[in-house]
Amino acid sequence: MVKTYRHESLLGFFKGMSFPIVSIAVVNSVLFGVYSNALLALTATSHQERRAQPPSYTHVFIAGCTGGFLQAYCLAPFDLIKVRLQNQTEPRAQPGSPPPRYRGPVHCAASIFQAEGPRGLFRGAWALTLRDTPTLGIYFVTYEWLCHQSTPDGQNPSSATVLVAGGFAGITSWVTATPLDVIKSRMQMAGLEQRAYRGLLDCVVSSVRQEGLGVFFRGLTINSARAFPVNAVTFLSYEYLLHSWG
Ligand SMILES: CN(C)C(=N)NCCC[C@H](N)C(=O)O
């Protein structure tokens, strides 16, 4: 962090933001759009009426799982590109040195498409679906439960409640998602590293054999630390937009 700040000032921390911004916008609108509409179909109550007649946690869970399932398919190509670029560890190109394998997100998508066809862009999509379907159910249940606990009946949760409930919903969902997140990333990298897994189960078994059960908790701390602020802001924006446009 210190080096980045010294060489590139604060702007250095925001490099390469365009791709994550576009992908997050698409994926979150699918997730929250499907969730809200699924809940509307299940409970027949609008967002405004829901504070007076709160939905059951089973309905919240089903609507969250539906949102998670559909978002996984939109997320798959973006997530694959992110994982491939993050794992590209060649040092920066020096004069005369070979260029990096991927020159950026668009080049990465085009190279995967050329080398592996359209299905290549969906590598690991199964693992992503398994990761996101139940964990997004847990995500929305945690959020609704925490808001319900700290808000008097019939009232809207305060902004502080939304921020805290959203932050903890993010942490809870990442704690449950991290084991499958590890497996998903390994399967997404398999195409590049010429490491062949016969499928998801084979990836689980060979990872545990080689590295023990601890492998399932790789990245848990950083995922959770990132999850709190990201999801606090996500839910605050969601509630705010529903109130101002709803
Ligand atoms: C796989 N998991 C745990 C989730 N998708 N959890 C919901 C949080 C989503 C949010 N965009 C984030 O990146 O934290």
Run the dipole for the chain about the Cα centre, Lys and Arg Cβ at +1, Asp and Glu Cβ at -1, nothing else charged, and hand back the magnitude in debye, nearest 20. 860 debye
Positive dipole terminus of the chain, leading residue within P152, N223, T142 (C-beta point charges): N223
Roughly how many percent of the accessible protein surface of the chain is carbon and sulfur, given a 1.4 Å probe and a whole-percent answer? 65 percent
Could you order C65, C108 so the one with the most accessible surface comes first? Probe is 1.4 Å. C65, C108
Keeping every protein chain in place, order E144, E116, E239, E49 by accessible area at 1.4 Å, biggest value first, i.e. largest first. E49, E116, E144, E239
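Please work out the average accessible area per residue across region 176-241, using the 1.4 Å probe convention, and give it in Å². Please list the in-between numbers first.
Values: 3620 Å² over 66 residues.
With the other protein chains kept in place, region 176-241 gives 55 Å² per residue.
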With the chain treated as a Gaussian network of Cα nodes joined by springs under 10 Å, which of N87, N156, N28 yields the largest mean-square fluctuation? N87
Ordered by number, the trypsin sites (Lys or Arg not before Pro) in region 108-214 that occupy a DSSP loop and have at most 11 other Cβ atoms within 10 Å are R198
Given a 1.4 Å probe and heavy atoms of the protein chains only, how would you sort C74, C147, largest accessible area at the top? C74, C147
Positive end of the charge dipole of the chain (Lys, Arg +1 and Asp, Glu -1 on Cβ, about the Cα centre): tell me which of S29, L163, L201 has its Cα farthest that way. L201
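The values are calculated or read from the model by the stated rules, or taken from the named source; none is laboratory data. Keep in mind it's a predicted model, so treat the numbers as computed, not measured. Every residue, glycine as well, gets a Cβ built from its backbone with ideal geometry; the counts of neighbours run over all protein chains shown. Surface areas here come from the heavy atoms of the whole protein model, side chains and all, with no ligands, DNA or RNA. Shrake-Rupley method; radii C 1.70, N 1.55, O 1.52, S 1.80 Å.
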